Amino acid sequence: MNLEKIYQQTILEYSRRKELNREIENPTFAERGHNPNCGDDLTLEIKTDENDVIIDAAFIGSGCAISTASMAMLIDLVKGKTMEEAKEKVNLFFKMMKQEEKLTGEESKKLGDAVLMEYVAQMPARVKCATLSWHSLKVIVEKNEK
């Protein structure tokens, strides 16, 4: 199986994670990401405990396979992590997507399956789809720091 096939199959699997598309009761944070060019409209909801640990994360809305897969990858990565750890993952993700410098092996491991989105970084029309949820998480992290 070639890399492109693996990428496509993984994106489809993540985009079908319907259990993540739900409302959280009394979320600590909710941040909407909207891309009017393609119709992606996803709101990331996060619930944290008193120690700033993300105890639940989900999204509401709809989007293309890339945006919903990226959201599912993000949720898998941050659930159970602190907001500080989530911030590190956001920064690594944007470093990867900007393609200015390569991630180290250790940095790639920290992104889990989200490293597959690097493939999208070479498709300008799809970069916004892949980064939509990560922009929402970045805003949430910044709000949490205030």
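The values are calculated or read from the model by the stated rules, or taken from the named source; none is laboratory data. Because the structure is predicted, anything quoted here is derived from the model rather than measured. Glycine gets a Cβ as well: all are built from the backbone with ideal geometry, and neighbour counts include every protein chain shown. In case anyone asks, the SASA skips ligands and DNA or RNA and just uses the protein heavy atoms, side chains included. Shrake-Rupley method; radii C 1.70, N 1.55, O 1.52, S 1.80 Å.
A few notes on this one:
- Hits in region 1-23 (condition: of a type in the set (A, V, I, L, M) and over 17 Å from the mean Cα position of the chain (by Cα)): Met1, Leu3, Ile6
- Restricting the first member to region 85-102 and to residues that are under 16 Å from Pro124 (Cβ atoms), and the second to residues that are acidic (Asp, Glu), the beta-carbon pairs closer than 9 Å and six or more apart or on different chains are Met96/Glu107; Met96/Glu118; Met97/Glu118; Gln99/Glu118.
- Here Glu50 meets each of (1) of a type outside the set (Phe, Trp, Tyr); (2) open to solvent by 10 Å² or more (accessible area, probe 1.4 Å); (3) modelled with pLDDT of 95 or more; (4) touching a strand residue (DSSP E or B) at 6+ places or on another chain (Cβ under 7 Å) with one exception, condition (4).
- Residue match in region 82-93 (condition: open to solvent by 20 Å² or more (accessible area, probe 1.4 Å), among the small types (Gly, Ala, Ser) and touching a helix residue (DSSP H, G or I) at 6+ places or on another chain (Cβ under 8 Å)): no
- Among residues of region 109-139, those that are part of a helix (DSSP H, G or I) and exposed (fewer than 13 other Cβ atoms within 10 Å of the Cβ), counted: 4
- Filter result for Gly33 (in contact with a Gly (Cβ under 8 Å, 6 or more places away or on another chain) and either on the phi > 0 side of the Ramachandran plot or in contact (Cβ under 8 Å) with a residue 60 or more places away in the chain (or both)): no
- Hey, Glu106 outside any loop (DSSP other than H, G, I, E, B) and more than 17 Å from the chain's Cα centre (by Cα) or not: yes
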